[in-house]
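S.K.: This is the structure I have questions about; it appears just below.
The values are calculated or read from the model by the stated rules, or taken from the named source; none is laboratory data. The structure displayed is predicted, hence computed values, not measured ones. Reconstructed Cβ throughout: ideal geometry from the backbone, glycine too, with neighbour counts over all protein chains shown.
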Amino acid sequence: MTAFSSVVDAIGNTPLIRLNAISDETGCEIYGKAEFMNPGQSVKDRAGRQMILEAEARGDLKPGGLIVEGTAGNTGIGLALVASARGYRTVIVIPETQSQEKKDMLRLCGAELVQVPAKPFKDPNNYQHVARRLAEQFAENEPNGVLFADQWNNLDNRKAHYLTTGPEMMRDTDGKIDAFICAVGTGGTLAGVSTYLREQKPGIVIGCADPLGAAMFKLFTTGEAKATDGGSISEGIGLGRVTPIIEDLKTDHAFAIPDEEALPLIYDLAENEGLLLGGSSAINIAGARRLAKEMGPGHTIVTILCDHGTRYQSKLYNLDFLRSKNLPVPSWLEPREAIQA
Ligand code: PMP
């Protein structure tokens, strides 16, 4: 019998899926790592698991203990799933602007939600600072320990990708991977995967795909993390500052990608290749396409399909929302005439 002992072991080992249209267009083999197939439907399940297991191993968290985090949603879902499976409670602080689907999912996973107005990081009421203060308050009366997961500063986040995501890519491409590219939320994925891949294959090409206006493009091209408002509707990416997770990270290429370029790619994937994805995947795929064009035909390039499109039905896949943002509307999303039975 082959079975997992809990949902925690079902995280990871996601397949690579060939992105056919952009592979054929560029003459490269471009693969998306299907992170939406994790139990919590995102790449952040891996970070959630690693941060909890390492805290347990250090003795910081005992059964019945509490996990607190500030998150755009996906890390919270990963944390809450693993927490339920291992006997912890979770309190999640989330900006109220995040999609309703993610908030609903967090509640279903057993998390207690604290919604706060969206504020920039420099504001003391930014969700990350609120989460830290709440964790400190809870710690005073919590005998079983409080883990403030702190994904931006917690190197166990990056370790998850060094230990699992990177090795899986090397294994599943039979070592043929020539380049890896993705966007940066905390940078755990980009930094963890690229550290592993460079150790294995020193000449590998590493790229960063940033939503237009976000600071990582500037950081990797000019050395200064400076953001301007690009107005991207993607969620969970677009880091604005240098954190311990990315402070040693160097990339070979960086691209600033407008939504108008990225979104049509995921609408085409939904229509023609059966892949329903979120907005950060769109930025990644557009980045992989640009990288393929820079590198030329014949290369194997991997990117991340970060989360599932169902998480954004009220936004990315909603006609009224797209029109309100003056974004391209895929024709297949227009209402069709009902089939008469
Ligand atoms: N895409 C989505 C939808 C996310 O929620 C996140 C994490 N916030 C990322 C991409 C980026 O992952 P990382 O934190 O590893 O950079």
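S.K.: Being more than 21 Å from Gln151 (Cα to Cα), within 13 Å of the ligand (Cβ to nearest atom) and crowded, with 21+ Cβ neighbours inside 10 Å narrows it down to one residue among Gly32, Gly48; which is it?
M.R.: The unique qualifying residue is Gly32.
S.K.: Any chance segment 61-68 includes a residue that's basic (Lys, Arg) and modelled with pLDDT under 95?
M.R.: yes
S.K.: If you check Ser234 against the conditions, is it closer than 26 Å to Val93 by Cα, under 18 Å from the mean Cα position of the chain (by Cα) and either touching a residue at least 40 places away in the same chain (Cβ under 8 Å) or not in a loop (DSSP other than H, G, I, E, B) (or both)?
M.R.: Yes, satisfied.
S.K.: If we keep just the residues of segment 79-88 that are part of a helix (DSSP H, G or I) and closer than 20 Å to Phe138 by Cβ, which is nearest to the ligand (Cβ to nearest atom)?
M.R.: Here the answer is Leu79.
S.K.: Test Arg289 against the stated conditions and say whether it is of a type in the set (Lys, Arg) and either under 17 Å from Ile206 (Cα atoms) or within 19 Å of the chain's Cα centre (by Cα) (or both).
M.R.: For Arg289, the condition - of a type in the set (Lys, Arg) and either under 17 Å from Ile206 (Cα atoms) or within 19 Å of the chain's Cα centre (by Cα) (or both) - is met.
S.K.: Sticking with this one: Which of the residues spanning segment 51-88 are crowded, with 24+ Cβ neighbours inside 10 Å and either touching a Phe, Trp or Tyr at 6+ places or on another chain (Cβ under 6 Å) or of a type in the set (D, E, K, R) (or both)?
M.R.: Ile67, Val68, Glu69, Gly70
S.K.: Sticking with this one: For Ile285, indicate whether it is buried (at least 24 other Cβ atoms within 10 Å of the Cβ), assigned to a strand (DSSP E or B) and at pLDDT 95 or above.
M.R.: no
S.K.: Within segment 183-197, identify whether any single residue is part of a strand (DSSP E or B) and closer than 19 Å to His299 by Cβ, and answer yes or no.
M.R.: Checked segment 183-197: no residue is part of a strand (DSSP E or B) and closer than 19 Å to His299 by Cβ.
S.K.: Which residue, of Phe138, Phe121, is outside the structural domain of Asn318 (by the TED database) and either polar (S, T, N, Q) or touching a strand residue (DSSP E or B) at 6+ places or on another chain (Cβ under 7 Å) (or both)?
M.R.: Phe138
S.K.: Still on this structure, I have one more. Pairs please, first residue from segment 94-109 and part of a loop (DSSP other than H, G, I, E, B), second anywhere and among the acidic types (Asp, Glu), Cβ atoms under 7 Å, 6+ apart in sequence or on different chains.
M.R.: Gln98/Glu235; Ser99/Glu235
S.K.: Okay, next question. Are any residues in segment 295-329 part of a helix (DSSP H, G or I), modelled with pLDDT of 95 or more and within 15 Å of the ligand (Cβ to nearest atom), and if so, which ones?
M.R.: Within segment 295-329, just Gly309 meets the criteria.
S.K.: Find the residue count for segment 208-236, including only residues that are crowded, with 24+ Cβ neighbours inside 10 Å and either among the β-branched types (Val, Ile, Thr) or more than 14 Å from the ligand (Cβ to nearest atom) (or both).
M.R.: Residues flagged as crowded, with 24+ Cβ neighbours inside 10 Å and either among the β-branched types (Val, Ile, Thr) or more than 14 Å from the ligand (Cβ to nearest atom) (or both) within segment 208-236 amount to 1.
S.K.: Failed condition for Glu101, given (1) more than 14 Å from the ligand (Cβ to nearest atom); (2) surrounded by fewer than 21 Cβ atoms within 10 Å (Cβ to Cβ); (3) under 19 Å from the mean Cα position of the chain (by Cα); (4) closer than 20 Å to Ile304 by Cβ, with all others met?
M.R.: (1)
S.K.: Another question about this same structure. Quick check on my filter: what residues within segment 59-73 are in contact with an Asp or Glu (Cβ under 6 Å, 6 or more places away or on another chain) and closer than 27 Å to Leu277 by Cα?
M.R.: The answer is Ala72, and nothing else.
S.K.: Quick check on segment 68-75. Is at least one of its residues touching a residue at least 12 places away in the same chain (Cβ under 8 Å), part of a helix (DSSP H, G or I), over 30 Å from Ile301 (Cβ atoms) and more than 16 Å from the ligand (Cβ to nearest atom)?
M.R.: No, segment 68-75 has no match at all.
S.K.: Do we find that Leu190 is among the aliphatic types (A, V, I, L, M) and outside the structural domain of Gly287 (by the TED database) in this structure?
M.R.: no
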